[in-house]
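Participant: Please find one structure pasted underneath; my questions will follow.
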Amino acid sequence: MEMKNILKRISIILIISSALVLLPGCEKEKEVTPDEGDKVENKSDSSAKEFSMGKWNDNVYENEFLGLKFKLPDNWVYSSDEEIAEAMDIGIEVLSDDEELIKKVAKLTSVYYVMANNPNTGDNILIMTEKPFMKVTTEYYLNQLKKQLSNLDGLEYKFADVTKESVANMEFDVLTATVNNSKNELTQKYYVHKMDKYFIVIIVTDVSSENDVKNITKYFE
C-alpha cells in the first residue's frame, strides 16, 4: 500500500472515531458531561498551558502544550505545514504564528501536529489530539475505534488486548491492530492519553517490521 493511501485511510478512521466520541448517551451519564475552555491542566503542572502546534528544530519536534518531544528516526521525513493543512482540510495560513488564527485551530475537534514516514518502507507515525464536546474515557474511545475498524469494508482487523505504555513520561493506553491487504500485513498501534479535555493520540503504522517503528517510543522524551 502506498504511503499516501495509508495516511488517507488513517485520516478516515480518525474522522469516524471523532464523530462517534461526540455522540451522547452511549456511556454512563457520569462519563459524558459538557466541556469548555481552551487551556489544559496537566497533572504534573499546576499552571494552564496554552495551545501550541509545536515546532521542528532540525529533526526534533517539541511541543510544550502536549508535553512531549519527538526525535525523527534516521531516514524518516516529516510532512510540511502545507501537507498538514491539506490533511486537516484547512488553509495553510491558519497554521501561522498569528495568535487569533492559532485560537481557531485550538477549537478544532481534530488537530494533526506531526505526520512523518520512512519513504523506503512506508512505516509512518501520526501525532494528533482530539477534543470531543463531551467528556469520555480512553476505554470508551478505544472501544468505539475498534468497532469502526471492524466495520471498514474490505479490511479485516484483528485486535490484541489493550496494554499500557509510557511515552514521554506519560501513561498511554495502547490498542494494537493487525490487518491484511492484498500485498502485506500491517500493524497499527494506537496510543491514547487523556489530557484534561483532550485525547493525545499517537498512531504508528508498521509495514516493514523495522526496529525503528517497533521501538518508536524510544524516540520520545
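The values are calculated or read from the model by the stated rules, or taken from the named source; none is laboratory data. A quick note: this is a predicted structure, and the numbers were derived from the prediction, not measured. Cβ: placed from backbone, ideal geometry, glycine included. Neighbour counts: every protein chain shown. Please note that ligands, DNA and RNA were not included when accessible areas were found on the heavy atoms of the full protein model with its side chains. Shrake-Rupley method; radii C 1.70, N 1.55, O 1.52, S 1.80 Å.
Participant: Considering the range 53-79 alone, what residues qualify as being among the polar types (S, T, N, Q) and either under 15 Å from the mean Cα position of the chain (by Cα) or open to solvent by less than 40 Å² (accessible area, probe 1.4 Å) (or both)?
Facilitator: Of all residues in the range 53-79, those among the polar types (S, T, N, Q) come to 57, 59, 63, 75, 79.
Hits for the range 53-79 are N63, S79.
Participant: Condition (residue is part of a strand (DSSP E or B) and surrounded by 14 or more Cβ atoms within 10 Å (Cβ to Cβ)) applied to the range 86-107: is it met by at least one residue?
Facilitator: Within the range 86-107 (the criterion being part of a strand (DSSP E or B) and surrounded by 14 or more Cβ atoms within 10 Å (Cβ to Cβ)), the answer is no, since none of the residues qualifies.
Participant: Shifting gears a bit: Which of the residues belonging to the range 71-110 are without any contact (Cβ under 8 Å) to a residue 40 or more places away in the chain, closer than 23 Å to D58 by Cα, of a type outside the set (V, I, T) and in contact with a helix residue (DSSP H, G or I) (Cβ under 6 Å, 6 or more places away or on another chain)?
Facilitator: Within the range 71-110, D81, E82, A85 qualify.
Participant: A further question follows. Filter the range 111-135 down to the residues that are without any contact (Cβ under 8 Å) to a residue 60 or more places away in the chain, over 19 Å from V167 (Cβ atoms) and aliphatic (A, V, I, L, M) and list them by number.
Facilitator: none
Participant: Only one of (1) among the basic types (K, R); (2) farther than 25 Å from K164 by Cα; (3) in a strand (DSSP E or B) is not met by K69, so which one is it?
Facilitator: Failed condition: (2).
Participant: Are any residues in the range 107-154 hydrophobic (A, V, I, L, M, F, W, C) and at pLDDT 90 or above, and if so, which ones?
Facilitator: Residues satisfying the conditions are V111, V114, M115, A116, I125, L126, I127, M128, L142.
Participant: T217 - would you say it is surrounded by fewer than 18 Cβ atoms within 10 Å (Cβ to Cβ), assigned to a strand (DSSP E or B) and modelled with pLDDT of 90 or more? Give the steps one after another, and end with the answer.
Facilitator: On the way: surrounded by fewer than 18 Cβ atoms within 10 Å (Cβ to Cβ): yes; assigned to a strand (DSSP E or B): no; modelled with pLDDT of 90 or more: yes.
It is false that T217 is surrounded by fewer than 18 Cβ atoms within 10 Å (Cβ to Cβ), assigned to a strand (DSSP E or B) and modelled with pLDDT of 90 or more.
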